[in-house]
Amino acid sequence: MQLHHRHPWNLTPAEAIALQKELRTEVVSNRPIDIEAIGLIAGVDVSVKNEQSQAAVVVMTYPGFLPVETVLAQRPTPFPYIPGLLSFREGPVLEEAFEKLKSVPDVFLFDGMGIAHPRRIGIASHMGLWLDRPTIGCGKTLLCGRYKDLAEEKGAMAPLVDKGETIGVALRTRTARNPMFISPGHLADIATAAALVLACSPKYRLPEPIRMAHNAAGQFSS
DNA sequence: GCGACAG
DNA sequence: ATCTTGTCGC
């Protein structure tokens with residue numbers, strides 16, 4: 001796939017934060033996704049093995065979730081894990097994977113946050129600028145923000161609020177399971193992002209595209 | 001200063 | 001994320 005907004009990755013943490021503050025002004029997080037028009041959806045995930053990072057992007061049909069393309073990429077892990085700077089750790093290997101992608105998915109689901117981030121530019125938002133396609137952040141645990149208790153039933157959701165701003169939703173994708181934290185990455189909005197993720201979770205807590213990417217990246221379920 | 005902290 | 005078997009619960 002053609003990538004946009006590319007930039008060097010060899011930055012210090014302070015430089016990375018400065019870059020995020022620049023890039024966040026480009027992020028569009030109030031645009032509804034036309035779910036009815038989706039034909040292909042991609043799941044993105046990265047696993048780390050001894051200094052080496054492996055990325056996997058699995059493209060599947062929507063609805064139906066039949067895999068149509070899988071790309072893998074490996075590279076040395078270039079940056080430590082620092083909360084708030086995940087994209088600088090996983091970005092390089094993802095760039096390599098995206099370049100190998102033949103198909104052009106209508107939406108990308110990421111393992112991590114979109115705008116539900118201290119500077120409103122988590123990995124899904126950052127990579128969304130590169131892809132110039134709708135992206136959604138799907139976190140398993142919270143990075144920032146608070147939410148009120150939500151019903152135990154699948155489909156229940158509660159606004160995720162940080163510093164007075166609604167940045168996403170806590171969404172129960174499975175009854176009696178911990179909620180997922182959904183936020184727009186780029187070219188998406190909170191309501192349609194949540195609706196789509198729920199539609200992508202017919203059986204497990206993790207949305208289907210991300211489960212597939214997780215497996216392809218070389219891991220087992222959890 | 002203290003606590004929190006995606007993967 | 002990763003180190004790791006069996007086990008408790010819906």
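Bear in mind these aren't lab numbers, they're just calculated from the coordinates by the rules spelled out. Just so it is clear, the structure is predicted and the values come from calculations on it, not from any experiment. Methodologically, a virtual Cβ is constructed for each residue, glycine included, from the backbone with ideal geometry; neighbour enumeration extends over all protein chains shown.
Observations on the structure shown:
- Residue ranges A:207-218, A:129-140, A:52-63 sort as A:129-140, A:207-218, A:52-63 when ordered by packing (mean number of other C-beta atoms within 10 Å per residue, highest first).
- Expressed as a whole percent, the proportion of Cα-Cα pairs in region A:1-53 lying more than 19 Å apart is 61%.
- Taken over the Cα atoms of chain A, the convex hull encloses 109 Å³ per residue.
- Relative packing of A:115-121, A:15-21, which averages over residues the other C-beta atoms within 10 Å, highest first: A:115-121, A:15-21
- Length gained when the stretch A:ALA156-A:LYS21 is fully extended (0.36 nm per residue, less Cα-Cα span): 45.3 nm
- Kirkwood Rh and Cα Rg combined as Rg over Rh, evaluated for region A:76-184: 1.01
- In this simple spin-label approximation, A:GLU51 and A:LEU11 carry label points 7 Å from Cα along the Cα→Cβ vector, and these lie 2.6 nm apart.
- Every pair of different Cα atoms in region A:143-222 enters the Kirkwood calculation, which places the hydrodynamic radius at 13.2 Å.
- Under the convention that each Lys and Arg Cβ holds +1 and each Asp and Glu Cβ holds -1, the size of the dipole of region A:13-216 around its Cα centre is about 560 debye.
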